[in-house]
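Novice: Mind having a look at this structure? Questions to follow.
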Amino acid sequence: MSSEKRKYEVDPVTGSAIHPYSWDGIGELETPPPRWWVLTYLVCFLFAVGWWVAYPAWPYIAGYTKGVLGFSTRADVAEQIAAAKAAQAPYNNKLAQLDYAAIAADPELSTFAMAGGKALFGENCAQCHGSGANGNVGYPNLLDDDWLWGGDYTTLEQTVMHGVRSTNDEATRQSQMPAFGKDGILTREQVDDVVAYVLSLSGTAPADPAAAERGAQVFADNCVACHGDAGVGLREMGGPKLNDAIWLYGGDPKAVAAQVFNPRHGVMPAWAGRLDPLAIKKLVFYVHSLGGGE
Amino acid sequence: MSMTMNNRTPTTIDEADIPVWSHKPKTFPKKVKGPIRNLKWAVMAVLLAIYWGVPWFRFDRGPFAPDQAILIDLPGRKAYFLWFEIWPQEVYIVTGLLIVAAIGLFFVTAMLGRVWCGYACPQTVWTDLFMLVERWIEGDRAQRMKLDRAPFSMKKLGKRTAKFAAWAFIGMMTGGAWILYFNDAPTVVPELFTGEAGTAVYATVAFLTFSTFLMAGIARENVCTFMCPYARFQSAMFDQDTMVVSYHPARGEKRGKHKAGESWDGRGHCIDCRQCVDVCPTGIDIRDGLQMSCISCGLCVDACNSIMDKVGLPHGLISYDTERNIELKACGQKPKWNLLRLRTIGYGVVFALAGLGVLYALMARQPMDASVLADRNPLFVRLSNGDLRNGYTLKLLNKTPELHAVEIAAVGLTGAEVTVLGHETEAVPTVELAPDAVAAIRVFVRLPEADWKGSPLDFDFVVTDHGRNLTVSVPTRFEGPAK
Ligand code: SF4
Ligand code: SF4
């Protein structure tokens, strides 16, 4: 670069200097920008420098410059969570004090409890009962009006707290159906007969009325103790209702026969100890609201 | 672009002498008197009175809603405008109003040019107010120029401090009034002084103080010339018949100094006194013709007319006129007014249609609204006795500041039984709607197995408010297993 001063030509119309380079004969004017523009630029530069000093800005290999203000988005989030918790506190305190009926009578509280319950359900229960709580084969549907152990608040709470056939809770709900076929308690024919009878309980006309009639006797001898007369179910024993349209392991003859021959048993963990009482309360309230609450 | 300037401009310049920023001369608008100035004072007084006064008007809406006539309740997500209450989902009404306002502006611009800029734009109104204060403190144009050139002194410091303090005060009042539109005015004003108002309130006041100071005190005409988009596209609405402030060169040229008693023969009526330039708030010379920087304030009209009075010539060397008339007058013909033309009729029609649309939207607005969300997971539930049940979340909007009770029914679904969560025992579920709130209720519809034919059934949820004789129905469907 030459050190001598370059002379620029001046455009006679605008009074601006003309840049010495020309592109295909087209020159460029060196019209200066307005002062406020230049000053705004300067202020922006200074602002950026100020920002680097004040806030986290430059990364280096093992970390980053923290800035003198000590700002951190992580701390911000923690603060916001704490604020949200604090905002929930009055509702939570009220929830802890009131019983279920009182919560249900307060629309605002029930909305709060249901929202909390829904979140907890998604985290803890949806894996087995489904995110819509409609269950699956072997996992009870919580939306319908059929309950193995009962669908009122207290019973639901008991079930959630202590689980079903849970291995680590003394107070867990226990029920065990004998393997009638596998253990040779009933013969194959008896199993088929009792299946025909059980299916007739829910109103379907049996394919073989004679078998169903024979099955009635087998049922009376072996099943009534848990499933009740005519299969009305026995909640104290966890004996499922058999005279309705709802089947935990399927309602076709094959599925029912499989269950009589070698029954499967679901396990529900005990949630007391894993979830705090307030969380359980919200869960119970939510499940009760799904449509089958008693 | 006069010849003299070209002659003075050197033909070369050293690289080092090219300025970093342009040295545009500052404007020191001179005081002017006249009918247009008076009209502008009146408009300014009315507009400022509206701005500062409106939030104080009360309007009784009962115990559950604010009693401020005009209020935008941001936390409550609602806007109150006299009888109307606008919910977020009705923002289209606001959009419609903005469209009406824009078309109205286009219409006025096509007719009268930039009258908005010259009279009603907040940038102009506040700049005018700031200039008035400036004139009180620092004097008129000549004194201000002198003060500007003067070296630093206690007197200069005193005047500048007084001026900036006064501007800051007006800025604060401006910001302070802005927040009144978003808060209950009588509550928030004392809170402002006791430190109880929210951070957002203080931040808004601070920001608006600063921006008012900057825009009306420092930036002024530069906002109109460089920042305002409307200034840039207004030429699209202009035509030959648009009223603009214009100098009549045919009458004014050839300009030149004039001594009392001299003849006007063989010369123009412009005496080159530069009064029109001195009073111009944007610092331009209207004699150069229509230009983008002109905000059509008409102050140069007042200035020139008073000069014409002095030299004993008729008014109107500078006047509001159309381009067509300037030409016609130049040829000695009669001016022609062409108000009804495709452009103005077009804008007028669109304006009327948009206005009617907004009016209709406001009139047809229901004080109650409902929407339904059918459960998708699962679509249906089989109950013990074989019946089918569908679940729905019904959102009920009560857009009035009163409590209302509504009945929920399913219409068009024979055999169905409706229950509302929390109202299971009621034969016809009746739900209370809190004032100005959205209620989300869970509704179950149960259909006997015999009534299910295997394909989805369309039906309506009908929400009835017997008290007000209001019904809203929302269509939805009932799902079940394929048969
Ligand atoms: S005020 Fe009128 S007479 Fe004076 S310079 Fe302007 S146009 Fe000419
Ligand atoms: S030229 Fe006249 S009308 Fe235009 S801005 Fe200046 S004083 Fe106002």
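Novice: If each DSSP helix of 4+ residues adds -39,500 (n - 2.57) and the sum is divided by the residues in chain B, what number results at 222 nm, nearest 500 deg cm²/dmol?
Specialist: -11500 deg cm²/dmol
Novice: Residues of the stretch B:94-131 with the amide nitrogen closer than 17 Å to a label point 7 Å from the Cα of B:Ile345, along Cα-to-Cβ, please.
Specialist: Counting backbone N atoms under 17 Å from the label point, the list is B:107, B:110-111.
Novice: Shifting gears a bit: So for B:Cys117, B:Cys273, B:Cys300, fewest C-beta neighbours within 10 Å to most, what's the order?
Specialist: B:Cys273, B:Cys117, B:Cys300
Novice: Most exposed first by the Cβ proxy, i.e. fewest other Cβ within 10 Å, how do B:Glu15, A:Glu108 rank?
Specialist: By the 10 Å Cβ count, ascending: A:Glu108, B:Glu15.
Novice: Going by amide H atoms built from the backbone, whose H comes under 5 Å of the H on B:Gln68, apart from near neighbours?
Specialist: B:Phe59
Novice: In angstroms, what radius of gyration and Dmax does the stretch B:368-478 have, counting Cα atoms only?
Specialist: Gyration radius and largest Cα-Cα distance of the stretch B:368-478: 14.1, 44 Å.
Novice: Continuing with this model, one more query. Short version: ³J(HN,Hα) in whole Hz for each residue of the stretch A:36-45, in order, from phi by Karplus 6.51 cos²θ - 1.76 cosθ + 1.60 (θ = phi - 60°), x for Gly and Pro, what are they?
Specialist: Values, residue by residue: 4, 5, 4, 5, 4, 4, 4, 4, 5, 4 Hz.
Novice: Also, I was wondering about something else. Figure the gain on full extension for B:Lys395 and B:Met154 (residue separation times 0.36 nm, minus the Cα-Cα span) and round it to one decimal in nm.
Specialist: Net length gain for the segment: 79.9 nm.
Novice: Moving on. What does the net charge come to around A:Tyr55 if you take all other residues with beta carbon closer than 15 Å to its beta carbon, with K and R at +1 and D and E at -1?
Specialist: In short, +1.
Novice: Separate question: With +1 on the Cβ of every Lys and Arg and -1 on the Cβ of every Asp and Glu, and nothing else charged, how large is the dipole of chain A about its Cα centre, in debye rounded to the nearest 20?
Specialist: Roughly 1120 debye, rounded to the nearest 20.
Novice: Report the paramagnetic label zone for A:Leu98: residues of the stretch A:256-280 whose backbone N is under 15 Å from a point 7 Å from Cα along the Cα-to-Cβ axis.
Specialist: Residues passing the 15 Å test: none.
Novice: When N counts the residues of chain B, how does its alpha-carbon radius of gyration compare numerically with 2.2 N^0.38 Å, as a ratio?
Specialist: 1.44
Novice: Give me the base-10 log of I(q)/I(0) for the stretch B:15-237 at each q in 0.07, 0.15, 0.16 Å⁻¹, Debye formula, one uniform scatterer per Cα, rounded to two decimals.
Specialist: With one equal scatterer per Cα and no solvent, log10 I(q)/I(0) is -0.31, -1.22, -1.32.
Novice: Between A:Ala210 and A:Ile185, what FRET efficiency comes out of the Förster formula 1/(1 + (r/R0)^6) with R0 = 25 Å and r the beta carbon distance, rounded to 0.05?
Specialist: Calculated transfer efficiency: 0.65.
Novice: Turning to a different aspect of this structure: Could you tell me how far the Cα centroid of the stretch B:198-271 sits from the Cα centroid of the stretch A:36-59, in Å?
Specialist: With the stretch A:36-59 and the stretch B:198-271 each reduced to a Cα centre, they are spaced 35 Å.
Novice: How would you rank B:Glu191, B:Glu196, going from fewest to most other Cβ atoms within 10 Å of each one's own Cβ?
Specialist: The order, fewest Cβ neighbours first, is B:Glu196, B:Glu191.
Novice: On full extension of the chain, what length is gained from B:Phe59 through B:Gln333, given 0.36 nm per residue of separation minus the C-alpha to C-alpha distance?
Specialist: 93.0 nm
Novice: Next question, about the same structure. Run the simple label-point estimate for A:Asp229 and B:Thr425 please: 7 Å along Cα→C-beta, distance reported in nm.
Specialist: The modelled label-to-label distance comes out at 3.1 nm.
Novice: Using Cα-Cα distances under 8 Å and only pairs 6 or more residues apart, what relative contact order does chain B have, in percent?
Specialist: Once normalised by length, the contact order is 14 percent.
Novice: Kindly state, to the nearest 0.05, the FRET efficiency for B:Lys146 paired with B:Leu353, given R0 = 45 Å and r defined as their beta-carbon distance.
Specialist: For B:Lys146 and B:Leu353, the calculated efficiency is 0.20.
Novice: A:Asp99: net charge of surrounding residues, Cβ under 15 Å, Lys/Arg +1, Asp/Glu -1, itself excluded?
Specialist: Local net charge: 0.
Novice: Between A:Trp51 and B:Ser455, what FRET efficiency comes out of the Förster formula 1/(1 + (r/R0)^6) with R0 = 51 Å and r the beta carbon distance, rounded to 0.05?
Specialist: 0.20
Novice: On to the next question. For the protein assembly as shown, with only Lys/Arg (+1) and Asp/Glu (-1) charged at the beta-carbon, what is the dipole magnitude about the Cα centre, in debye rounded to 20?
Specialist: Using Cβ point charges on Lys, Arg, Asp and Glu, the protein assembly as shown gives about 5320 debye.
Novice: Once you have the Kirkwood Rh of the protein assembly as shown from its Cα pairs, apply Stokes-Einstein at 25 °C and 0.890 mPa s and quote D in µm²/s.
Specialist: After rounding, the answer is 70 µm²/s.
Novice: Also: Subtracting the Cα-Cα distance from 0.36 nm times the residue separation, let me have the gained length for B:Ala102 to B:Glu417 in nm, one decimal.
Specialist: Contour length minus the Cα-Cα distance gives 108.2 nm.
Novice: Sorted from largest down, give the three principal axis spans of the alpha carbons of the stretch A:188-261, whole angstrom values.
Specialist: That gives 32, 24, 22 Å along the principal axes, largest extent first.
Values quoted throughout were computed directly from the atomic coordinates according to the rules given, and no laboratory measurement underlies them. On a predicted model such as this, the values are computed, not experimentally measured, just so you know. Backbone-built Cβ (ideal geometry, glycine too); neighbour counts: all protein chains shown.
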